[in-house]
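First the structure, in the form of structure tokens, and then the observations on it.
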Amino acid sequence: SYVLEEYQIADFAEKRILAEAKSRVGHENNETTLGDIYTTFANEYPCDKEKLFEKELQVETKFLVKNPWMYEIYAYAKKKHKKVLAISDMYLPKEFIVQVLKDQGYELDGVYVSSTNFQVKGNQSLFRFVQKEEDIDLTKWIHIGDNRISDYESPKSMGIEAYHYISVGQRSGFQNQSDTLAESIFKAVSQNK
């Protein structure tokens with residue numbers, strides 16, 4: 001792996017996961033950013049955190065693909081002249097997510113990412129933030145997502161119409177933990193085909 005060759009750090013995946021967990025401590029809503037994750041990581045292991053940050057974004061860019069089923073829903077909504085927003089609990093930078101979505105063919109009316117303002121969907125704070133920013137009538141809002149709690153139960157309890165989309169991973173049966181990065185990538189590509 002890159003990290004092993006470049007910095008002689010073994011078991012990068014496990015150490016990266018631990019750094020993410022540590023970086024969440026003390027932040028509002030236990031949210032974090034990719035920058036905070038690599039700052040935490042670099043505090044424990046000698047490395048160039050900016051290079052690792054950029055490397056992770058490169059890997060994400062290379063392997064993120066459009067979900068064809070969700071794209072159909074997006075295209076239908078746009079055809080009906082609906083306002084379409086992306087609302088995500090994610091530590092990746094908003095600018096990165098906007099660019100990935102654009103590269104995949106999405107022309108959204110807004111993108112809201114939890115790492116931007118430390119608001120999250122699970123406790124409704126991100127939904128309330130979006131409602132205020134977009135001046136949305138809750139009775140005219142439908143939210144679609146694959147997390148049973150944050151994408152379905154949380155908005156539903158606010159009066160937002162919600163649909164729990166069973167993710168491709170759950171439907172494919174590939175939910176088990178991958179042993180290697182190669183296996184994980186293979187499963188992800190297979191799920192979307």
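The values are calculated or read from the model by the stated rules, or taken from the named source; none is laboratory data. Model, not experiment: these values are computed from the prediction. Here Cβ is always computed from backbone atoms with ideal geometry, including for glycine, and neighbour counts include all displayed protein chains. Note: areas computed on protein heavy atoms with side chains; ligands, DNA, RNA excluded. Shrake-Rupley method; radii C 1.70, N 1.55, O 1.52, S 1.80 Å.
Specify the residue that is farthest from Met90 (Cα to Cα); the eligible residues are those in region 1-41 that are buried (at least 17 other Cβ atoms within 10 Å of the Cβ) and of a type in the set (A, V, I, L, M).
Filtering region 1-41 for residues that are buried (at least 17 other Cβ atoms within 10 Å of the Cβ) and of a type in the set (A, V, I, L, M), the one farthest from Met90 (Cα to Cα) comes out as Ile9.
Do the conditions hold for Lys51, that is, is it open to solvent by 70 Å² or more (accessible area, probe 1.4 Å), at pLDDT 95 or above, more than 25 Å from Gln131 (Cβ to Cβ) and among the basic types (Lys, Arg)?
Taking the combined requirement at face value, the residue satisfies it.
Condition (residue is aliphatic (A, V, I, L, M) and farther than 22 Å from Ile136 by Cα) applied to region 36-51: is it met by at least one residue?
yes
For region 116-145, which positions are among the polar types (S, T, N, Q), open to solvent by less than 40 Å² (accessible area, probe 1.4 Å) and out of contact with any Phe, Trp or Tyr (no Cβ under 9 Å at 6 or more places or on another chain)?
Gln124
Within region 63-84, which residues are of a type in the set (Phe, Trp, Tyr) and either without any contact (Cβ under 8 Å) to a residue 12 or more places away in the chain or surrounded by 17 or more Cβ atoms within 10 Å (Cβ to Cβ) (or both)?
Listed by number, the residues that qualify are Tyr74, Tyr76.
Tell me whether region 85-103 contains one or more residues that are farther than 16 Å from Ile160 by Cα, open to solvent by 30 Å² or more (accessible area, probe 1.4 Å) and of a type in the set (Val, Ile, Thr).
Within region 85-103, one or more residues are farther than 16 Å from Ile160 by Cα, open to solvent by 30 Å² or more (accessible area, probe 1.4 Å) and of a type in the set (Val, Ile, Thr).
So is Leu57 surrounded by fewer than 17 Cβ atoms within 10 Å (Cβ to Cβ), of a type in the set (A, V, I, L, M) and either part of a helix (DSSP H, G or I) or over 18 Å from the mean Cα position of the chain (by Cα) (or both) or not?
In short, yes.
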